[in-house]
Amino acid sequence: MRLLLLMIFLVAALFAPPAVCAVSPVVAASIAPLHAIAAYVAHGAHDVTLILPPNASVHGYHLKPSQMGILARADVVFYGGEALETFMPKALLAANRQNGVALMSYPQIEKLPARSGVHAHAAHDSGVPATDFETDGHFWFSLENAAQTALIMADVLSAKFPEHAATYRRNADEFARRARAMKDALKQDFAPYKNRPYLVSHDAFQYFEKDAGITPAAFVTPDAERAQIGVRRMARLRELIRRVQPVCLFTEAGQNAKFTAPLTEGLRVYGGVLDPTGASIQMGRDFYFDLIHALRRDLIECLEQLPESDRQ
């Protein structure tokens, strides 16, 4: 009898339809800060693929064939928007996919206009030209934007993969709580330094500065790819620094010292380095929060070297 039952079982197994294997969602994100938020939201459900390496500049980036392959395979691709990754809409079109999620298109995300070249600490007659009022694409440096990004990602992924909805929502809520708590602490952290003058080589940190209650005297260039400064702009920036010195000048990791040396020669300038995409930070669950902590630390380390000021 047992032999008969065993034979029936084997025959049934032989002719049974193959088991359906669960396919893991394929989710990708364009840059390291957005990847970090998406990975936080998806933690415990599945991985998220990073498209651009952390040290890559999104300005004018050209995707490699392997990166185009990621776009083609992904169920969902999170990216900032055309104001940030100018290449992404065409790349998605070339990959023949309708899987792109432009986060800056959501009304929950606060979008700030690109700034003029001179701000609170600079005299109005400095003559540093203004940029057009286009959108500043570095929205992830707003901690409320980061919180909203996590919640948007949870909604998008839950609609696509409802079996993981509870995980997405739990993780997004936790991320949002942490981001908002960090925002609440920033203004207090920077209160002693809010009137100390500084410049940035690339105007990438406006959203963070709004949270922290600080404003740069000027930025050297609105475009990270532009390593040259015109003669007139150089003279006007040097005059600005001369009026408000000593100042901090923040460059970015890997930026050639020749970029700023002519600007600072003979002036009282303290140097600092800021990391807009987390190239120096180890990837992991807390990558986004480590990025904000590093930005806070690096700003304060230089600003605290300046004398107290009553500039308004």
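Observations
- Meeting the requirement of 1 or more residues that are crowded, with 23+ Cβ neighbours inside 10 Å and of a type in the set (Ser, Thr, Tyr), the helices (runs of 4 or more DSSP H) wholly within the range 141-238 are 143-160, 165-190.
- In the range 265-287 there is at least one residue matching the filter, namely being within 17 Å of the chain's Cα centre (by Cα), of a type outside the set (Val, Ile, Thr), crowded, with 17+ Cβ neighbours inside 10 Å and assigned to a helix (DSSP H, G or I).
- Of all the residues in the range 29-45, those that are open to solvent by 10 Å² or more (accessible area, probe 1.4 Å) and on the phi < 0 side of the Ramachandran plot number 4.
- Per the listing ASP275, ASP298, ASP290, ASP310, the residue uniquely modelled with pLDDT under 90, among the acidic types (Asp, Glu) and closer than 20 Å to HIS138 by Cβ is ASP275.
- Any pair with Cβ under 6 angstrom, 6 or more apart, that starts in the range 219-243 at a residue that is closer than 30 Å to HIS62 by Cα and ends at one that is surrounded by 12 or more Cβ atoms within 10 Å (Cβ to Cβ) and at pLDDT below 75: PRO222/THR131; ALA224/SER57; ALA224/HIS59; GLU225/HIS59; ALA227/PHE259
- Residue selected from the range 53-80 under the condition under 28 Å from ALA165 (Cβ atoms) and not in a helix (DSSP H, G or I), by the criterion most open to solvent (accessible area, probe 1.4 Å): ASP75
- Residue identified as touching a residue at least 40 places away in the same chain (Cβ under 8 Å) and either over 17 Å from VAL101 (Cβ atoms) or aromatic (Phe, Trp, Tyr) (or both) among LYS194, LYS183, LYS187: LYS183
- Within the range 37-63, residues that are aromatic (Phe, Trp, Tyr) have Cβ atoms under 6 Å from residues that are at pLDDT below 95 and open to solvent by 20 Å² or more (accessible area, probe 1.4 Å) in these pairs: TYR61/PHE87, counting only partners at least 6 apart in sequence or on another chain.
- Filtered residues of the range 239-260 (kept if at pLDDT 85 or above and either under 22 Å from ALA294 (Cβ atoms) or open to solvent by less than 60 Å² (accessible area, probe 1.4 Å) (or both)): LEU240, ILE241, VAL244, GLN245, PRO246, VAL247, CYS248, LEU249, PHE250, THR251
The values are calculated or read from the model by the stated rules, or taken from the named source; none is laboratory data. Being a predicted model, the structure only gives us computed values, none of them experimental. Here the Cβ is made from the backbone with ideal geometry for all residues, glycine too, and neighbour counts use every protein chain on show. Protein only, heavy atoms only, side chains kept; ligands, DNA and RNA dropped before computing areas. Shrake-Rupley method; radii C 1.70, N 1.55, O 1.52, S 1.80 Å.
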